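> What follows is a single structure, and I will ask about it in a moment.
The values are calculated or read from the model by the stated rules, or taken from the named source; none is laboratory data. What you see is a predicted model; the values in this text were computed from it and never measured. Using ideal geometry, Cβ is built from the backbone for each residue, glycine included, and neighbour counts are taken over all protein chains shown.
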């Protein structure tokens, strides 16, 4: 008797036509289904997937819904297109990295290491920020009208509770608003009880380091990486284990070699700081598997997660975590303004009380009135609208900076393949000059060009610059780049003359 034909895997996909906030849009549900099928091995590397036309017909959805879902899965590295043949599960979705994992968790702890020679932490930009400064949003575009309207309404209500001692975990109304925003904008499913409101991302890093690790424990940190975050780990007396980052993000296999017993890994998977790489899918899987196997924790710093200029924003690592090993760190410094001093951690339930207790012991709570205004701002949809508007603003500023670099600095700076995300670009020097000296020189002429070498904790250090465009209006880009390029040429010419003498 002939066997029954095997039904395609996607025939079991049942869509919630109500497209509720909890269930996500039809497109989100399709993406989540196929992503889950790949990660649990139901769809193997190299397996063929249906065409968008076929899937749309079988599910009874518009073809554009299927097309955009497949585009997202391709952008995230799950699918690859073979021109003229079809769509397939990417061959890179393999377990190659997982074979390097230690056989069992290591609980050994080392004594605190001697301090490393300190590299200068990139200083905060001056106020007002100079052109090309990093880490500064377009403050002149702050949504003052909406913020003032909501603030006035809150103040008229005279919320006495917001002036009293507050909840150390954060205002419940704000935590509800953040949870709903993350579900809609970033695909993170969490409840308000998992959220801890912090006074900026720096406090989030500090709290995490002190809660999940003990003095002397190792913590993976990207090399190069954000100096202030590295300083926070050192301040918590953790042993910073530098793990190289390249075009695919942090090298997990190298991290396992360097410090397999690490208790924490601090990563920027959506947009590596400062190089701009996106953590590849194989490395995401390997990182999560390492954390699960060893009992380690991952702190995902998603500082630029909302700003992607081609396609949908990258799916956070947190959304792929099946074993509650990832803490997700977000901040309103880049979305709105750093002066608000508001951020948040989405933490596994097992850590929330300890994080809250430590925050209570250090700064009690984050000011309530600002939390209340922000909660209303998010709940009324004003944050989502502001981010949409700012994507267009930043896309134009990014285009202006790239055009200026191509026109005025092509002979001295290598832009490479600029990523379609983030609010800065990392460029490398083509000439053998000191990027720190050039940075100091142009700062005296009103330009902030952070030296790329300063983001490395140890040699070898790549020389170049990290150039922000968020606070640099289109008309300011060309003059700033001209000054930077002229300073590089001047420094190179001086070095040549000295060698000839």
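> Quick check, is residue 312 touching a residue at least 24 places away in the same chain (Cβ under 8 Å), assigned to a helix (DSSP H, G or I) and within 30 Å of residue 392 (Cβ to Cβ)?
Working: touching a residue at least 24 places away in the same chain (Cβ under 8 Å): yes; assigned to a helix (DSSP H, G or I): no; within 30 Å of residue 392 (Cβ to Cβ): yes.
So residue 312 does not fit the description; no.
> Hey, among the residues in region 268-296 that are free of Cβ contacts under 8 Å to residues at least 40 places away in the same chain and assigned to a loop (DSSP other than H, G, I, E, B), which one's nearest to the chain's Cα centre (by Cα)?
Out of the qualifying residues, it is 279.
> Quick one: which helices (runs of 4 or more DSSP H) lie wholly within region 333-423 and hold at least 3 residues that are over 30 Å from residue 297 (Cα atoms)? Walk me through it before giving the result.
Details: elements: 349-363, 368-379, 382-408.
Helices (runs of 4 or more DSSP H) meeting the threshold: 368-379, 382-408.
> Turning to a different aspect of this structure: Can you pull out every residue in region 288-307 that is modelled with pLDDT under 95 and under 22 Å from residue 36 (Cβ atoms)? Working first, answer last.
Restricting attention to region 288-307, the residues satisfying the condition of being modelled with pLDDT under 95 are 302-307.
Within region 288-307, 302, 305 qualify.
> Here is a follow-up. Check region 340-355 and report whether any residue there is modelled with pLDDT under 95, out of contact with any strand residue (DSSP E or B) (no Cβ under 6 Å at 6 or more places or on another chain) and in the same structural domain as residue 232 (by TED's automatic domain parsing). Steps first, answer last, please.
We begin by selecting, within region 340-355, every residue modelled with pLDDT under 95; these are 340-341.
Those still in the list that are out of contact with any strand residue (DSSP E or B) (no Cβ under 6 Å at 6 or more places or on another chain) too: 340-341.
Narrowing the set further to residues that are in the same structural domain as residue 232 (by TED's automatic domain parsing) leaves 340-341.
Checked against the condition, which is being modelled with pLDDT under 95, out of contact with any strand residue (DSSP E or B) (no Cβ under 6 Å at 6 or more places or on another chain) and in the same structural domain as residue 232 (by TED's automatic domain parsing), region 340-355 yields at least one hit.
> Could you tell me how many of the residues in region 269-314 are in contact with a helix residue (DSSP H, G or I) (Cβ under 6 Å, 6 or more places away or on another chain), surrounded by fewer than 21 Cβ atoms within 10 Å (Cβ to Cβ) and within 18 Å of residue 135 (Cα to Cα)?
Of the residues in that region, 1 qualify.
> Quick one: in region 19-63, which of the residues that are exposed (fewer than 14 other Cβ atoms within 10 Å of the Cβ), at pLDDT 85 or above and out of contact with any strand residue (DSSP E or B) (no Cβ under 8 Å at 6 or more places or on another chain) is nearest to residue 312 (Cα to Cα)?
Ranking the candidates gives 62 first.
> Quick check on my filter: what residues within region 359-375 are closer than 25 Å to residue 210 by Cα and either in contact with a helix residue (DSSP H, G or I) (Cβ under 7 Å, 6 or more places away or on another chain) or crowded, with 22+ Cβ neighbours inside 10 Å (or both)? Write out each step before concluding.
At the first step, the residues of region 359-375 found to be closer than 25 Å to residue 210 by Cα are 359-368, 371.
359, 366, 368, 371, listed by residue number.
> In region 416-449, what residues are buried (at least 17 other Cβ atoms within 10 Å of the Cβ), touching a strand residue (DSSP E or B) at 6+ places or on another chain (Cβ under 6 Å) and either closer than 21 Å to residue 461 by Cα or outside the structural domain of residue 473 (by TED's automatic domain parsing) (or both)?
424, 425, 426, 427, 429, 435, 439, 449
> Could you tell me which residue of region 252-267 is farthest from residue 76 (Cα to Cα), considering only residues that are touching a helix residue (DSSP H, G or I) at 6+ places or on another chain (Cβ under 9 Å) and assigned to a helix (DSSP H, G or I)? Walk me through it before giving the result.
Let us first name the residues in region 252-267 that are touching a helix residue (DSSP H, G or I) at 6+ places or on another chain (Cβ under 9 Å), namely 252-253, 255-257, 260-267.
Within this subset, residues satisfying the condition of being assigned to a helix (DSSP H, G or I) are 252-253, 255-257.
Details: 252: 18, 253: 20, 255: 23, 256: 24, 257: 27 Å.
Once the filter is applied, the top-ranked residue is 257.
> Continuing with the same structure: Which number in (1) under 30 Å from residue 259 (Cβ atoms); (2) within 20 Å of the chain's Cα centre (by Cα); (3) surrounded by fewer than 18 Cβ atoms within 10 Å (Cβ to Cβ) marks the one condition that residue 353 misses?
Of everything listed in (1) under 30 Å from residue 259 (Cβ atoms); (2) within 20 Å of the chain's Cα centre (by Cα); (3) surrounded by fewer than 18 Cβ atoms within 10 Å (Cβ to Cβ), residue 353 misses just condition (2).
> What tally of residues in region 172-225 results from selecting those that are part of a loop (DSSP other than H, G, I, E, B), over 30 Å from residue 25 (Cα atoms) and out of contact with any strand residue (DSSP E or B) (no Cβ under 8 Å at 6 or more places or on another chain)? First the steps, then the outcome.
Let us first name the residues in region 172-225 that are part of a loop (DSSP other than H, G, I, E, B), namely 186-191, 199-200, 213-217, 224-225.
Now narrow it down to the ones that are over 30 Å from residue 25 (Cα atoms): 199-200, 213-217, 224-225.
Pick out the ones that are also out of contact with any strand residue (DSSP E or B) (no Cβ under 8 Å at 6 or more places or on another chain) and you get 214-215.
Number of matching residues: 2.
> Which of the residues belonging to region 449-460 are at pLDDT 95 or above and in a loop (DSSP other than H, G, I, E, B)?
Answer for region 449-460, where residues must be at pLDDT 95 or above and in a loop (DSSP other than H, G, I, E, B): 449, 456.
> Let me ask another. Out of all the residues in region 143-184, which are within 27 Å of residue 471 (Cβ to Cβ) and surrounded by fewer than 16 Cβ atoms within 10 Å (Cβ to Cβ)?
First, the residues of region 143-184 that are within 27 Å of residue 471 (Cβ to Cβ): 143-151, 174, 177-178, 181-182.
Selection gives 144, 145, 148, 149.
> Just need a number here: residues in region 29-61 that are touching a helix residue (DSSP H, G or I) at 6+ places or on another chain (Cβ under 8 Å) and under 18 Å from residue 89 (Cα atoms).
Of all residues in region 29-61, those touching a helix residue (DSSP H, G or I) at 6+ places or on another chain (Cβ under 8 Å) come to 30-31, 33-35, 37, 39, 42-43, 49-50, 52-53, 55-56, 58-59, 61.
The next check asks that each one be under 18 Å from residue 89 (Cα atoms); those that pass are 30-31, 33-35, 37, 39, 42-43, 49-50, 52-53, 55.
Residues meeting the conditions: 14.
> Just checking, how many residues over region 315-332 are more than 19 Å from residue 142 (Cα to Cα), in contact with a helix residue (DSSP H, G or I) (Cβ under 8 Å, 6 or more places away or on another chain) and either in the same structural domain as residue 35 (by TED's automatic domain parsing) or assigned to a loop (DSSP other than H, G, I, E, B) (or both)?
Of the residues in region 315-332, the ones more than 19 Å from residue 142 (Cα to Cα) are 315-329.
Next, from what is left, pick out any that are in contact with a helix residue (DSSP H, G or I) (Cβ under 8 Å, 6 or more places away or on another chain): 315, 317, 320-329.
If we keep only those that are either in the same structural domain as residue 35 (by TED's automatic domain parsing) or assigned to a loop (DSSP other than H, G, I, E, B) (or both) too, we end up with 315, 321-325.
Residues meeting the conditions: 6.
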